[in-house]
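Read through the structure below, which is laid out as structure tokens, and then see the notes.
The values are calculated or read from the model by the stated rules, or taken from the named source; none is laboratory data. The structure displayed is predicted, hence computed values, not measured ones. Note that we place each Cβ from the backbone using ideal geometry, even for glycine, and neighbour counts take in every protein chain shown.
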Amino acid sequence: MSTTAVTVRCPACGQDLEATLAPEPSTQWFPCPRCHAPVPVLRPREPPPLYSWEVLPGLYPALPRPRVPRWRARRVAAVGLLAIVALSIAFAGVLAYYAVGAMGPGAYSVGGTVVTANSAGTRPVSGASVTINEEGGRSATVLTDLYGNFAFTGVPTGGILLHVVLAGYEPANVTTFASPVYDAGTTGITVLLASVGHGNSTNASLTPFPDLESFLASIGTGIVMLGLVAGIAGVAAVLTVRQDRPVVGVIGGGAGLAAPAALYLLALGTPFPATIAATTALAGFGAFTLALRAIEISQTAPAPRAD
């Protein structure tokens, strides 16, 4: 089937619209050149006249002008984009608050139990040497008591490395982290020692952040990423308000939809699960705006070409 050129009148403002219809689909949408309202155009299937009022127009009264819905997809998309901007800025502010709080001073107690495995389960080990290496470079060593317990006090903010050694067993290393806004676990730590010959040294990490620098770097990257999302959605909202451009709505909505995934990849879901859960609202607005504008693109035929 070839393309068909038709002229229709916009039901919103009465402006004539020249549209070149593609072979498919049967109903296609074109933006009005005056008010930008979407105008549905049905591809003619038979040559006119089709109805008696086309043959005898004077016998039939003119039909009332169809009422246009009050809402516009463009306005709804603009509201969704502005919501993405507001939420991104809010979440970036929360992360900045956490970053400032993480650099505050702190004194923590670090302790736990050293155990070994046997056929009956596990048993505590006394006399094991436990060395703590703090991020500032200070270290200290204690021996476990009769119940396998060990403890350190006055540990400052930052990454913490525990190194456990006992004759006849493989050495074990445990990494954790402590700060005023995020504590990966400093008490109740269980260190399992493996017998010599049963494997290499045991390495366990209670946190994805080995030190304060990596923690702040991840938060800073999250703030920058949210700032980019707010910027992209803000520009898309301005362009959408000024002119009906579904493509920019798709881009802005996609940015909001991808924000929670980016925060998850930065491992910020571990220290701040509530913040990451709250970004589902951001993803929801992004998905809604993206779907709304994508549907419009799929239902709008190509713009007519000037001959």
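With respect to being of a type in the set (K, R), at negative phi and modelled with pLDDT under 80, R123 falls outside the description. Can you name the residue in the range 140-150 that is farther than 30 Å from Y98 by Cα and in a strand (DSSP E or B) and, of all such residues, is farthest from the chain's Cα centre (by Cα)? If we take residues in the range 140-150 being farther than 30 Å from Y98 by Cα and in a strand (DSSP E or B), then L143 is farthest from the chain's Cα centre (by Cα).
Checked against (1) free of Cβ contacts under 8 Å to residues at least 24 places away in the same chain; (2) in contact with a helix residue (DSSP H, G or I) (Cβ under 8 Å, 6 or more places away or on another chain), A99 meets all criteria but (1). Checked against the criterion of being assigned to a strand (DSSP E or B), in contact (Cβ under 8 Å) with a residue 40 or more places away in the chain and on the phi > 0 side of the Ramachandran plot, the range 151-163 contains one or more residues that satisfy it. There is at least one residue in the range 134-150 that is loosely packed, with under 14 Cβ neighbours inside 10 Å, among the aromatic types (F, W, Y), at pLDDT below 95 and closer than 26 Å to G188 by Cβ. Anything in the range 83-112 that is surrounded by 19 or more Cβ atoms within 10 Å (Cβ to Cβ) and β-branched (V, I, T)? List them, or say none. Correct list: I84, V85, V110. Just one of the listed residues (T175, T187) is assigned to a loop (DSSP other than H, G, I, E, B) and in contact with a Ser or Thr (Cβ under 7 Å, 6 or more places away or on another chain), and it is T187.
I need the full set of residues from the range 102-130 which are outside any strand (DSSP E or B), closer than 25 Å to E170 by Cβ and in contact (Cβ under 8 Å) with a residue 40 or more places away in the chain, in order please. Reasoning before the result, please.
In the first step, residues of the range 102-130 are kept if they are outside any strand (DSSP E or B); the result is 102-107, 119-120, 125-128.
Still in the list and also closer than 25 Å to E170 by Cβ: 119-120, 125-128.
Across the range 102-130, the qualifying residues are V125, A128.
The single condition from (1) of a type outside the set (K, R); (2) within 42 Å of the chain's Cα centre (by Cα); (3) at positive phi that Y97 fails is (3).
Scan the range 131-139 and give yes if some residue there is of a type in the set (A, V, I, L, M), free of Cβ contacts under 8 Å to residues at least 40 places away in the same chain and either assigned by TED's automatic domain parsing to the domain that holds V94 or assigned to a strand (DSSP E or B) (or both), otherwise no. Yes, the range 131-139 has at least one match.
Could you please let me know if V229 is under 30 Å from D16 (Cα atoms), at pLDDT 90 or above and either not assigned by TED's automatic domain parsing to the domain that holds A19 or not polar (S, T, N, Q) (or both)? Outline the logic, then answer.
On the way: under 30 Å from D16 (Cα atoms): no; at pLDDT 90 or above: yes; either not assigned by TED's automatic domain parsing to the domain that holds A19 or not polar (S, T, N, Q) (or both): yes.
No: the conditions fail for V229.
For the range 208-237, what are the residues that are under 30 Å from I84 (Cα atoms) and part of a loop (DSSP other than H, G, I, E, B)? Once the filter is applied, which keeps residues that are under 30 Å from I84 (Cα atoms) and part of a loop (DSSP other than H, G, I, E, B), the range 208-237 yields P208, F209.
So how many residues does the range 215-248 have that are within 20 Å of L95 (Cβ to Cβ) and either under 18 Å from the mean Cα position of the chain (by Cα) or without any contact (Cβ under 8 Å) to a residue 40 or more places away in the chain (or both)? Give the steps one after another, and end with the answer.
Of all residues in the range 215-248, those within 20 Å of L95 (Cβ to Cβ) come to 215-234.
Now restrict to residues that are either under 18 Å from the mean Cα position of the chain (by Cα) or without any contact (Cβ under 8 Å) to a residue 40 or more places away in the chain (or both): 217-234.
Going through the range 215-248 one residue at a time, the tally reaches 18.
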